[in-house]
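Notes for the one structure printed next.
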Amino acid sequence: MGLLDGKVAIITGAGNGLGEAYAKLFAREGAAVVVNDLGGPRDGSGAGSVSAAQKVVDEIVAAGGRAVANGDDVSTIQGGENILQTALDAFGQVDILVCNAGILRDRTFANTTEEDWDKVIKVHLKGTYCCALPVWKHMKDHGGGAMVLTSSTSGLYGNFGQTNYGAAKAGIYGMVRVMAIEGRKYNIRVMGLAPGAYTRMTSDLPGRQGREPDPLSLPENVAPGVLYMVSDLAADHSGKILGVSARGVREIKMLETDGFAPGRPYTAQEVAENAASVFFPEREGRAVTLA
């Protein structure tokens, strides 16, 4: 028995990298998989092609699994509806959605053009909305399901040169929190994912150029954490954000300090005098793996 026997999963951006690893593992665990990928370069330019998605599908089918390819654009509602329809036409249901598709156009903030900003926000943030909304409506009417929306440590902690990407990924964090609240009565579980892996998108981040990847950082070693998230094993954890990498799996939370709360009008000088209560202590020596 596989963890996903009888389930149907849609995975966007699954023509390579993390999405491909998820698709192949989900298929081995019994799921029928819709492999969505628009194709094209990682900056979102140029014409798309379904060939990358089809290659993954062919490999899944050759290994005895069930899968179908889709080349629709995640950043439009029509694209999201088409992806859902591909699943329904091929398999008759949808139980799992992993919003993984993304692009990078890294620039320092001063050098980020309006086009760079709009394109990254459109694919990541709007694309998550456009894919999740049709599937949400289907799940609402058919007993629920599981969604994993991909955020990033760049949005949760920050990363140099990724203002557009970080803004989109922080927005997805907000989507997870709200959708988890709204999904309770429909049995729709929504979790957020901040993955850390060596992929086509991350291969030239600072410190990685020209280096052979650590085998543990490859996507197939991250996929089991995501399998956990979409399976019934995570049934009690809607609304939570997990960092998943070769280091393992850990929850990421937004916290508040006890703060300075005098219960009366206060001055800016008093805030400064009570800074030790307002701010968290700085943690030295902790390296953050960026996705």
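For (1) within 20 Å of residue 97 (Cβ to Cβ); (2) not in a helix (DSSP H, G or I), each residue gets a yes or a no:
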site	(1), (2)
110	no, no
133	yes, no
146	yes, yes
158	no, yes
169	yes, no
182	yes, no
How do the pairs read when you match residues in region 255-267 that are surrounded by 10 or more Cβ atoms within 10 Å (Cβ to Cβ) with residues anywhere that are of a type in the set (A, V, I, L, M, F, W, C) and in a loop (DSSP other than H, G, I, E, B), using Cβ under 9 Å and keeping only pairs 6 or more apart or on different chains?
257/279; 257/280; 266/260
From 101, 69, 87, residue being in contact with a strand residue (DSSP E or B) (Cβ under 8 Å, 6 or more places away or on another chain) and part of a strand (DSSP E or B)
69
Being surrounded by 22 or more Cβ atoms within 10 Å (Cβ to Cβ) and among the hydrophobic types (A, V, I, L, M, F, W, C) is the filter here, so list the residues in region 105-124 that pass it.
120, 123
Picking from 51, 45, the residue that is surrounded by fewer than 19 Cβ atoms within 10 Å (Cβ to Cβ), over 17 Å from the mean Cα position of the chain (by Cα), of a type in the set (S, T, N, Q) and at pLDDT 95 or above would be 51
Quick one: would you say residue 156 is of a type in the set (A, V, I, L, M), at pLDDT below 95 and in contact with a strand residue (DSSP E or B) (Cβ under 9 Å, 6 or more places away or on another chain)?
yes
Might you let me know whether region 61-75 holds any residue that is without any contact (Cβ under 8 Å) to a residue 60 or more places away in the chain, surrounded by fewer than 17 Cβ atoms within 10 Å (Cβ to Cβ) and among the hydroxyl-bearing types (Ser, Thr, Tyr)?
no
Exactly one condition in (1) surrounded by fewer than 22 Cβ atoms within 10 Å (Cβ to Cβ); (2) closer than 22 Å to residue 195 by Cβ; (3) not hydroxyl-bearing (Ser, Thr, Tyr) is not met by residue 96; state its number.
(1)
Would you call residue 88 aliphatic (A, V, I, L, M), in contact with a His (Cβ under 9 Å, 6 or more places away or on another chain) and surrounded by fewer than 19 Cβ atoms within 10 Å (Cβ to Cβ)?
yes
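The values are calculated or read from the model by the stated rules, or taken from the named source; none is laboratory data. Because the structure is predicted, anything quoted here is derived from the model rather than measured. Neighbour counts are summed over all protein chains in view; Cβ atoms, including those assigned to glycine, are modelled from backbone coordinates with ideal geometry.
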